[in-house]
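**Q** I have a structure here, written as C-alpha cells, and I will follow up with some questions on it.
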Amino acid sequence: MNGVPTMQTQPPPDDFENQVLTELRNINNRLSTLGAKVDKLEGDVKDLKVELNAYQKGLDGMVRMATTIIITAGAAVIFAPLIKEIAPAIASLIKP
C-alpha cells in the first residue's frame, strides 16, 4: 500500500505437483464414470432400435391389412349392383 507491489506466495513445487495430480485423478474418475454412462446409453439405444424395428414391422403389416380390407369393401360396394344384374344371365347359362 506504500506503492510497493505485493508478491503472492506460491506453493512449493511439491504441493503444486500434488495438487495437479489430485485434480488429474479427479478428472480421470469423472471421465471413467462418464464412459460407463455412455456405454450404458449405447446399450439402451440398441435396445430401442430393436423395439422400434419390431414396432415398424407390425405397423407395416397392419397398414397392408387395412388396405386390403378397404379395397375389398370398395370392390363389394362397386360390384354388388353389377352382380345382381349379371346373376340371372349366369344362372341361365349354368342351367341345363
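**Q** Rounded to two decimals, what ratio of Rg to Rh does the chain give with C-alpha atoms and a Kirkwood Rh?
**A** 1.78
**Q** Further question: If you fit an axis through the alpha-carbon atoms of helix 13-94 and take the longest principal axis of the Cα set of the chain, what angle between them do you get, 0 to 90°, nearest 10?
**A** Relative to the chain, helix 13-94 is tipped by roughly 10 degrees.
**Q** For the chain, with the dipole built from +1 on Lys and Arg beta-carbon atoms and -1 on Asp and Glu ones, taken about the Cα centre, which of 50, 93, 20 lies farthest toward the positive end?
**A** Ranked along the dipole, the leading option is 93.
**Q** Work out, step by step, the length gained on full extension between residue 26 and residue 54: first 0.36 nm times the residue separation, then minus their alpha carbon distance; give nm to one decimal.
**A** Gain on stretching residue 26 to residue 54: 5.8 nm.
**Q** Charges only on Cβ, +1 for Lys and Arg, -1 for Asp and Glu: so what's the dipole of the chain about the Cα centre, in debye to the nearest 20?
**A** Details: 10 positive and 11 negative charges, 202 e Å.
For the chain, the charge dipole is close to 960 debye.
No lab work stands behind these numbers, since they all come straight from the coordinates. All values derive from a computational prediction rather than experimental measurement. Cβ coordinates were reconstructed from backbone atoms using ideal geometry, including for glycine residues, and neighbour counts include every protein chain displayed.
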